[in-house]
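**Q** First, the structure itself, so that you have it in front of you.
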Amino acid sequence: MRDFYEVLGVPRDASPKLVQLAFEGKMKALADPAYAASPAEKREEERLLKEAFVTLSNPAKRGPYDEKLAAFEVQAAAAPSRPAWLVPAVVAALVVAIGGGILSRHLEDRERQRVEAERQARQEEEARLRAIAREEREREMTAQREAREAEMQARNEQYRTQRERADFERWRRSVDQQARYGESLRQQQDRNALYEAQRAESQRRQAEERERREEESRRRAALSEVERQKEFLRRQEMEEERLRAERHYRAQQEAREREYRQMLEERRRQQQSR
């Protein structure tokens with residue numbers, strides 16, 4: 001019966017952690033190209049190491065194995081004939097077991113140092129990844145802010161273009177209206193000159209008609225002035241609305257930036273508290 005404690009080089013009271021460290025150390029040594037053994041011997045030793053690790057690392061299997069191993073040793077000790085080499089072999093086994101315990105403690109210390117180094121390396125890598133993620137989020141926020149600013153500038157430019165086009169259309173309509181009014185006035189003057197040559201009654205009626213037309217023209221001019229004032233007020237309201245929208249957008253932008261800075265500060269405090 002194979003002594004799995006001897007295979008792994010650990011004492012009988014070795015903890016599962018020590019069994020695992022001894023197994024990993026022997027597997028690493030076995031995988032070393034400088035290990036002096038044939039492929040068949042390496043496969044056999046690997047099989048024994050895995051079988052020993054599975055048995056000794058599982059309490060449900062280790063208990064029955066210890067009982068069988070103790071019974072086997074009792075039977076071997078109770079054998080009638082004892083070879084001359086048995087006592088030296090037992091002594092050598094004890095020496096190997098003691099040396100294996102010392103070696104296992106040394107391996108355990110080395111493995112603990114390796115695990116601590118790996119843990120520190122993982123922590124540094126996680127910190128580096130968190131820094132990269134934070135920089136990526138900041139770049140995304142900057143890109144989004146620049147995109148929003150560009151969109152707002154485009155909207156302002158579009159609004160300015162539309163306003164200039166509307167002003168030009170109003171100016172053109174005003175010029176056309178003035179031209180039509182001037183033409184109508186010239187025609188009226190021609191008709192007035194013609195009416196002056198007619199009879200006095202006709203001149204009186206024409207004077208009344210002219211007075212009525214002039215009153216209508218003044219009324220139209222007054223209406224036109226009222227419409228112009230309305231248009232001016234409407235443009236002022238549009239400009240005020242645009243300014244209010246810009247102030248509201250700036251206030252929202254500043255509020256979002258404050259929230260983002262608070263979020264970054266909160267995360268920084270959480271990371272420092274960790």
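The values are calculated or read from the model by the stated rules, or taken from the named source; none is laboratory data. Not measured: the values here are computed from a predicted model. The area values use the complete protein model at the heavy-atom level, side chains included, leaving out ligands, DNA and RNA. Shrake-Rupley method; radii C 1.70, N 1.55, O 1.52, S 1.80 Å.
**Q** Name the shape class, rounded, prolate or oblate, that the alpha-carbon gyration tensor gives for segment 162-236, where a ≥ b ≥ c are the square roots of its eigenvalues, rounded holds for a/c under 1.5, and otherwise prolate holds if a/b is larger than b/c and oblate otherwise. Mind dumping the intermediate values first?
**A** Details: a/c = 8.88, a/b = 2.51, b/c = 3.53.
Here segment 162-236 falls in the oblate category.
**Q** While we're here: Could you name the lysines in cross-link range of Lys17, using Cα to Cα under 25 Å and dropping any fewer than eight places away on the same chain?
**A** Candidates past the 8-residue exclusion: Lys26, Lys28, Lys42, Lys50, Lys61, Lys68.
**Q** Give, in nm to one decimal, the length gained when the segment between Arg172 and Gln188 is fully stretched (0.36 nm per residue of separation minus the Cα-Cα distance). Mind dumping the intermediate values first?
**A** Working: separation 16, 0.36 × 16 = 5.76 nm, distance 2.41 nm.
Going from the current span to full extension adds 3.4 nm.
**Q** With all protein chains present, calculate the accessible area of Tyr181 using a 1.4 Å probe and round the result to the nearest 10 Å².
**A** 120 Å²
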